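A short reminder: the numbers here are calculations on the coordinates, not readings from a lab. It should be emphasised that the depicted structure is a prediction, and the values quoted were computed from it without experimental measurement. When we count neighbours, we look across all protein chains shown, and the Cβ atoms used for this are built from the backbone with ideal geometry, even at glycine.
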């Protein structure tokens, strides 16, 4: 029997399993314990696993992220939760100057086997200091692996793979996915953290996306199918290192590509993907690469403005349509 | 086993002098090699502050973790890190501690649990919280020692880290090397309260001021502090007051302080002070110190020879270690 659960429950099950499986694993962050997690991911875990391993921290992102790095250096396998990617900027020094550099800077003497989880993305009317999609910034940095689980299966199994990685791994959980539910295939008990995945096969256009934009892109693909356009939807899953062979292979088949990213367009992950595809499969392209990204504004509070700032199924479908059936 | 007791016998005092002289003469050689362009990049020398690194290290065990700053040649040498491999690192050679990837500001040595040279002021404090937490959670008897300058106390990391250390009663010894200048910014121009130890005390941890020019005083304070920290009493803070004799780095013209001020401090420096005391009280005899210096010069000469004979890392290896295939054990 396939088990049905929410993305939030999948994240919780993954954390619980990891802590029970390995005495070196613990979780720390703001309100992960008694409060149960800002997005209720860790609800109830402190009662079962105790305060030492579901560790509430004061509001000090730099210190507790840095403490995660130090604990990893001392042989632990910490999971650090940062409430949102906006708050992670308070720990940017620790992530970029320490976690990402220590292995190389020490000539391979020290590894940082640390996992940092955080929420990302807009859609809950939380305005400009809780809603941004800055994961692309982290994908810029050598030494980090950056994951964006978009499905219940990835939410359930990416954590274990991240903990097994000897290097620092960042996991971005989109806030609009926590309530999404899905089935777990009983035959699957692990996932890779290296490859993109084709979520929907199609021959006419490749739609590249990740995280919270995946459901929207799949909706767009259904709309396009009704019009006779078969879109291939690729879920990046891993934002760094990018799985270029899967992307290039798809574009070589469809000859058209739309990149959907909730991050801003300027200097972005979508720009990196477009540039990489131009470098590798330029001569396969029958149309310019299109991008559907967040508008270049701080994400606003009012619902209609917020939604207007974000990629939507209609705008994604329109971009794809424009490539496949350009207006003559 | 180190103990909290200090034995001020001839051998130990001479050992303290030797360790301070090793640092002083090593740094002198580094300055010379910088002028000869053998060493490049930023180079921050430790002259004047030797008593702090040497005094603290006397109280530590091999399994303790050390986190230092970009001015860390002294801590590395006093910890027992190979002088040859430090020098080779300064040359940017593959025989260096970090195979030429770290340089002067980022010396790492796994064998001595020396976790770097951190060049972001205040950036090492959270790491020390983490190593202490990791050791505590694994039931180890180890402590973490974090060196930082007085400039770090203005960074948020200082306050975040002291709070966490005290809150979780972590085995951390905080060593503030107060040399009165954060680069060119004088203490009294930067601090609303120049008594830094008082800030630490406000987090509910024992906090002391130590004469950082007196190696015996530093060692005594360190032994007292380490005994408390290792005994499970939580973190401890030492504000070691000293002075940096040389420029902040090799690019610093020192426009912010008088030469006379520097000379005044040099006259009461940690090495002249211990040396004079040893001579006046006849603890050392004849040419004992001269022989010591000759031995150290020979060690430095060998380190330079080792570095000179070293090889640049192959450019093909540039991206090696950006990520690792396994956690080094």
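Gyration tensor over the Cα atoms of the protein assembly as shown: the corresponding equivalent ellipsoid has semi-axes (square roots of 5 times the eigenvalues, largest first) of 53, 27, 21 Å.
When each of the peptides A:160-169, A:75-84 is scored by how many other beta carbons lie within 10 Å of its residues on average, the order from highest to lowest is A:75-84, A:160-169. In the range B:85-196, the ratio of gyration radius to Kirkwood radius, Rg to Rh, stands at 1.03 when only Cα atoms are counted.
Among beta bridges from DSSP that stay inside chain A, the antiparallel ones total about 20%. Helical runs assigned H by DSSP (4 residues or longer) give chain A a calculated mean residue ellipticity at 222 nm of -10000 deg cm²/dmol, each run adding -39500 (n - 2.57) before division by the residue total. Counting only DSSP beta bridges with both residues in the range B:10-310, the antiparallel share comes to about 10 percent. Could you state the number of Å between the C-alpha centres of the range B:113-154 and the range A:132-149? About 26 Å separates the Cα centre of the range A:132-149 from the one of the range B:113-154.
Partner chain Cβ atoms within 10 Å, averaged over the residues of A:250-261 - can you pull that number for me?
Taking the mean over all residues of the peptide, I get 0.
Across all directions, the average projected area of the convex hull around the alpha carbons of the range B:54-151 is 6.0 nm². Most tightly packed first, judged by the mean number of other beta-carbon atoms within 10 Å of their residues, the peptides A:224-231, B:221-228 read B:221-228, A:224-231. Relative to one another, the C-alpha centroids of the range A:1-72 and the range B:161-183 are positioned 27 Å apart.
Packing around the peptides B:164-173, B:64-73, A:62-71, taken as the average count of other Cβ atoms within 10 Å per residue, puts them in this order, highest first: A:62-71, B:64-73, B:164-173. Residue by residue along A:72-85, Cβ atoms of other protein chains within 10 Å of the local Cβ number 4 on average. Its Cα gyration tensor gives the range B:206-266 an equivalent ellipsoid. The semi-axes, each the square root of 5 times an eigenvalue, are 32, 12, 9 Å from largest down.
Using the Cα gyration tensor of the range A:255-328, with a ≥ b ≥ c the square roots of its eigenvalues, what is the shape: rounded (a/c below 1.5), prolate (a/b larger than b/c) or oblate (neither)? Since a/c reaches 1.5 but b/c is at least a/b, the shape of the range A:255-328 is classed as oblate. Over all orientations, the range A:254-298 has a Cα convex hull whose mean projected area works out to 3.1 square nanometres. Distance from the alpha carbon centroid of the range B:246-260 to that of the range B:48-72 works out to 25 angstrom.
Measuring nothing but alpha carbons in the range B:10-310 and taking Rh as the Kirkwood radius, the Rg to Rh ratio lands at 0.95. Using only the alpha carbon atoms of the range A:3-184, find the Kirkwood hydrodynamic radius as the inverse mean reciprocal pair distance, in angstroms to one decimal. Taking every pair of different Cα atoms in the range A:3-184, averaging 1/r and inverting gives 16.1 Å.
Ellipsoid semi-axes for the range B:184-329, based on the Cα gyration tensor and the rule √(5λ), read 32, 29, 23 Å when sorted largest first. Note on the range A:36-128: Rg/Rh from C-alpha atoms, Kirkwood Rh, equals 1.01. Here is the tail figure for the range A:1-63: Cα pairs spaced more than 15 Å apart come to 49 percent of all pairs.
Using only DSSP helix segments of four residues or longer, with each worth -39500 (n - 2.57), what per-residue ellipticity at 222 nm results for chain B after dividing by its residue count and rounding to 500?
Computed mean residue ellipticity for chain B: -13500 deg cm²/dmol.
Both numbers refer to the Cα atoms of chain A; Rg and Dmax are 19.6, 65 Å. Beta bridges per DSSP, both residues in the protein assembly as shown: antiparallel share near 20 percent.
Working note: Cα atoms of the range A:197-324, range along each principal axis, descending, whole Å: 42, 33, 23. Entry note, chain A: relative contact order of 16 percent, from Cα contacts under 8 Å with a spacing of 6+ residues. Per-residue shielding of B:155-164, expressed as the average number of other chain Cβ atoms within 10 Å of the residue Cβ, stands at 5.
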